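Participant: Below: one structure in structure tokens.
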Amino acid sequence: AQSVTQLGSHVSVSEGALVLLRCNYSSSVPPYLFWYVQYPNQGLQLLLKYTSAATLVKGINGFEAEFKKSETSFHLTKPSAHMSDAAEYFCAVTRMGGSYIPTFGRGTSLIVHP
Amino acid sequence: DTGVSQNPRHKITKRGQNVTFRCDPISEHNRLYWYRQTLGQGPEFLTYFQNEAQLEKSRLLSDRFSAERPKGSFSTLEIQRTEQGDSAMYLCASSPPAAGEYNEQFFGPGTRLTVL
């Protein structure tokens, strides 16, 4: 079984500030981990993925995430928030092999203030 | 660049009516997934096709739900005798053939269903 917990349904930052969105996972086998972004009235778009290679993963739009096995975490960060980053962010976990069907967290809404 | 398309984008129906949604995946993608997303939640897996074969179904997919992908191209999701609890965003995603490595799922914009 696998699951994802995203701490904080809303995160509010000022433009230019550090963005930190938290994700903790539970998986009985080595996981694949993902962050997706969803803008209003749009589908989900993959930001980045961890597939057991480098533990620090760089994604699109300046986002990155670090896989920490000891903490079972995969937090998403961005050094400087931009207004266009305001969206819903979802962390997801899937098992290696098989149908790769991800289990998503409940999402974190990122609010960026000018 | 044609991504995943879904039709209709919005559907309002009365309780007890049947509804059908369509998903057109990216043309070379053989894998197709349906998800349901309710307010404040992440997408929840419903069912998965590889080509025309339906390989997995979630227990969320009650007997009122049926999905097809007759020729391994587009897919339809039908809900019979809709209930207010079916109100949600229904998302479709597709991915290319997996080769021992996770392939990114490309999501459509979704169909928002409102059951009155």
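Participant: Of the residues A:Ala53, A:Ala87, only one is within 14 Å of another protein chain (Cβ to nearest Cβ), among the hydrophobic types (A, V, I, L, M, F, W, C) and free of Cβ contacts under 8 Å to residues at least 12 places away in the same chain; which?
Facilitator: A:Ala53
Participant: Quickly run through the range B:26-40 and pick out the residues that are at pLDDT 90 or above and either assigned to a loop (DSSP other than H, G, I, E, B) or in contact with a Gly (Cβ under 8 Å, 6 or more places away or on another chain) (or both).
Facilitator: Narrowing the range B:26-40 to residues at pLDDT 90 or above: B:26-27, B:29-38.
Scanning the range B:26-40 gives B:Ile26, B:Ser27, B:His29, B:Asn30, B:Gln37, B:Thr38.
Participant: Need at least 3 residues that are out of contact with any Phe, Trp or Tyr (no Cβ under 9 Å at 6 or more places or on another chain) and not aromatic (Phe, Trp, Tyr) per element, so show me which strands (runs of 3 or more DSSP E) inside the range A:1-68 make the cut, counting only ones lying wholly within it. Steps first, answer last, please.
Facilitator: Working: elements: A:2-5, A:10-14, A:19-21, A:24-27, A:31-38, A:44-50, A:56-58, A:64-68.
Correct list: A:10-14.
Participant: Would you check which residues across the range B:74-95 are farther than 13 Å from B:Val19 by Cβ and surrounded by 15 or more Cβ atoms within 10 Å (Cβ to Cβ) and list them?
Facilitator: B:Phe74, B:Ser75, B:Met89, B:Leu91, B:Cys92, B:Ala93, B:Ser94, B:Ser95
Participant: Looking at A:Val19, A:Val93, which one is open to solvent by less than 60 Å² (accessible area, probe 1.4 Å), under 14 Å from the mean Cα position of the chain (by Cα) and under 27 Å from B:Pro25 (Cα atoms)? Show your work before the answer.
Facilitator: On the way: A:Val19 fails: under 27 Å from B:Pro25 (Cα atoms).
Going through A:Val19, A:Val93 in turn, the sole match is A:Val93.
Participant: Please verify whether the range A:32-53 includes one or more residues that are among the hydrophobic types (A, V, I, L, M, F, W, C), surrounded by 12 or more Cβ atoms within 10 Å (Cβ to Cβ) and farther than 26 Å from B:Thr2 by Cβ.
Facilitator: So the first thing to find is which residues in the range A:32-53 are among the hydrophobic types (A, V, I, L, M, F, W, C), and the list is A:33-35, A:37, A:44, A:46-48, A:53.
Restricting the remaining residues to those that are surrounded by 12 or more Cβ atoms within 10 Å (Cβ to Cβ) gives A:33-35, A:37, A:44, A:46-48.
Right, trim to farther than 26 Å from B:Thr2 by Cβ and you get A:33.
Yes; the residues of the range A:32-53 include at least one that is among the hydrophobic types (A, V, I, L, M, F, W, C), surrounded by 12 or more Cβ atoms within 10 Å (Cβ to Cβ) and farther than 26 Å from B:Thr2 by Cβ.
Participant: Here's something else I'd like to know. Just to verify a result, which residue in the range A:66-83, among those that are hydrophobic (A, V, I, L, M, F, W, C) and in contact (Cβ under 8 Å) with a residue 40 or more places away in the chain, is farthest from A:Pro114 (Cα to Cα)?
Facilitator: Start the filter on the range A:66-83 by keeping residues that are hydrophobic (A, V, I, L, M, F, W, C), which leaves A:67, A:74, A:76, A:81, A:83.
Among the residues that remain, those that are also in contact (Cβ under 8 Å) with a residue 40 or more places away in the chain are: A:74, A:76, A:81, A:83.
Details: A:Phe74: 27, A:Leu76: 21, A:Ala81: 10, A:Met83: 7 Å.
Of everything passing the filter in the range A:66-83, A:Phe74 is farthest from A:Pro114 (Cα to Cα).
The values are calculated or read from the model by the stated rules, or taken from the named source; none is laboratory data. In this text the structure is predicted, and so the values were computed from the model without any measurement. In this analysis, Cβ positions are derived from the backbone assuming ideal geometry, glycine residues included, and neighbour counts consider all displayed protein chains. When the accessible area is computed, the model is the full protein with side chains, heavy atoms only, and any ligands, DNA or RNA have been set aside. Shrake-Rupley method; radii C 1.70, N 1.55, O 1.52, S 1.80 Å.
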